[in-house]
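Rule-based calculations on the coordinates, nothing more; no lab input. Everything numeric in this text was worked out from a predicted model, so none of it was measured. A quick note on method: Cβ atoms are made from the backbone with ideal geometry, for glycine too, and the neighbour counts reach across all protein chains shown.
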There are 2 protein chains.
Amino acid sequence: MTPPAANPDRALREAQDRFIAVWGQMAGAWGISRTMAEVHALLYVTGEALNTDDVMERLQISRGNASMSLRALVDWHIISKVTRRGDRKEYFEAEQDVWTLFRAIVRERLNREVDPLLANLHEIRDMTARHDGPREKTQAGASTEDARRIAEHNKRLDEMVEFFEMLAGLSTQFVSPSGKGLRLAASLLTKLPDLPRGKGERLRETGS
Amino acid sequence: MTPPAANPDRALREAQDRFIAVWGQMAGAWGISRTMAEVHALLYVTGEALNTDDVMERLQISRGNASMSLRALVDWHIISKVTRRGDRKEYFEAEQDVWTLFRAIVRERLNREVDPLLANLHEIRDMTARHDGPREKTQAGASTEDARRIAEHNKRLDEMVEFFEMLAGLSTQFVSPSGKGLRLAASLLTKLPDLPRGKGERLRETGS
DNA sequence: CCGTGTTTTCATATTTTTCTGAAACGTTCA
DNA sequence: TGAACGTTTCAGAAAAATATGAAAACACGG
């Protein structure tokens with residue numbers, strides 16, 4: 001499956017290609033398209049600044065596709081445009097620090113996915129806000145039963161909102177200033193086995 | 001866009017539908033298909049145990065689709081099969097604790113995505129292992145230049161491997177025993193502003 | 001304001017993913 | 001064993017996501 005590869009150049013090229021393929025498969029995990037991931041992989045793994053034609057050629061994709069993908073990656077802030085004096089072409093290079101890369105991805109997904117989700121959850125929660133207390137019997141029927149079901153519904157939503165707010169807050173820490181939160185995460189790993197529960201700090205209890 | 005909804009039942013139903021829609025949009029983020037997410041949302045938001053026909057009807061999907069989705073969700077361990085005495089139908093109910101749900105998802109993605117990725121990265125790293133040191137000039141050409149490029153390549157891969165090993169380790173903590181790691185994460189949030197950097201702590205360890 | 005080299009756009013084509021529905025397959029109970 | 005019920009499978013249909021490529025839009029230098 002992996003022929004020894006005679007000379008260094010060949011080995012390097014093969015390793016790069018394989019990295020690109022593997023990274024491409026992770027596309028789903030990053031929430032980007034396969035090709036985008038491959039373009040990023042190429043830029044990352046070569047460490048060079050490449051132009052659209054380089055990318056087209058190496059990845060065998062169309063100009064339009066390359067252009068779109070590169071732009072999207074720039075929007076994601078994980079590659080950046082580089083211009084060379086005396087050369088009208090635009091070059092692109094990938095962020096080389098893995099942590100920075102990861103931070104950018106988390107930040108972006110936070111903005112694109114978690115924030116909107118939270119907004120929606122809040123709205124949804126409000127839809128049944130007025131109905132939950134032991135209020136008047138809005139209709140004839142079993143208002144008590146209704147109230148119970150709605151109360152449970154609201155509890156579920158509240159828990160979910162709380163959870164995602166926690167997640168968003170945590171991610172923001174991870175992401176913001178200079179990524180110090182991340183280092184923390186790493187250090188956690190090494191000293192976690194016996195975790196330092198700060199104080200009484202129960203965060204809920206969610207009895208099913 | 002959101003009519004006040006006269007009676008409680010109606011409000012509840014609308015809130016549920018909207019939750020299902022919103023959750024369905026997050027499907028990509030969880031790495032599952034839209035319908036799967038909707039089915040899960042339905043089970044979660046109603047809090048009831050439903051059978052295939054209930055799901056088909058409420059979501060307006062085919063039997064095959066419902067069956068597939070339910071099974072996949074069971075495989076993901078985020079819903080479970082429930083059998084009722086004296087009823088031949090199979091019912092399904094969703095895990096109601098958000099943290100448990102999240103843990104299940106993380107665990108699953110760890111197994112399905114991160115672990116294979118790490119295996120691949122290691123293999124890829126090995127492809128250029130023999131070429132990196134200031135070794136013999138395998139071929140005629142500029143072996144020094146080759147060596148430099150390969151050394152850089154290896155450095156990039158090593159960093160990436162290290163990163164994902166950290167991530168895998170961290171996630172495992174998050175996920176494993178009884179989710180104690182998660183509680184920790186939450187508490188972090190509340191006391192992070194001034195983070196407790198342990199020591200010089202360069203993350204490393206992880207030797208393959 | 002042209003000419004040349006480059007990038008962007010976008011309608012159309014292609015590929016991939018997801019869904020459907022009906023047949024095949026189990027199970028249980030008389 | 002076989003009728004009644006229920007679940008799973010899967011080939012083909014439908015839908016969604018991606019890619020292509022040629023034309024339009026840009027950007028300069030002259």
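Here are some notes:
- Using the Cβ of A:Ala66 as centre and a radius below 12 Å, the other residues enclosed give a net charge of -2, where K and R count +1 and D and E count -1.
- Dipole magnitude (debye, nearest 20) for the stretch B:9-112, charges at Cβ of Lys, Arg, Asp, Glu: 300
- Prolate/oblate/rounded label for the stretch B:1-115 (Cα gyration tensor, a/c 1.5): oblate
- The modelled label-to-label distance between A:Ser62 and A:Trp99, using points 7 Å beyond Cα along the C-beta direction, is 4.2 nm.
- Other residues with beta-carbon under 11 Å from the beta-carbon of B:Leu50 carry, at +1 per Lys or Arg and -1 per Asp or Glu, a net charge of -4.
- In percent, rounded to a whole number, the relative contact order of the stretch B:33-93 is 38, using alpha-carbon pairs under 8 Å and six or more apart.
- Teacher prompt: A:Glu48 distances to equivalent labels in other copies, 7 Å Cα→Cβ, nm: 6.3
- Nitroxide proxy distance, nm - points 7 Å out along Cα→Cβ at B:Arg85 and A:Asp126: 4.8
- Taking Lys and Arg as +1 and Asp and Glu as -1, the other residues whose beta-carbon sits under 14 Å from that of A:Gly24 total 0.
- Under the combined filter of DSSP loop state and at most 14 neighbouring Cβ atoms within 10 Å, the stretch B:1-68 retains these GluC sites (Glu not before Pro): B:Glu48.
- Restricting the trypsin sites (Lys or Arg not before Pro) of the stretch B:1-104 to loop positions (DSSP other than H, G, I, E, B) with no more than 15 neighbouring Cβ atoms within 10 Å leaves B:Arg84, B:Arg85, B:Arg88, B:Lys89.
- Across identical copies of the chain, A:His77 has label-point separations of 3.5 nm, listed in ascending order, with the point defined 7 angstrom from Cα along Cα→Cβ.
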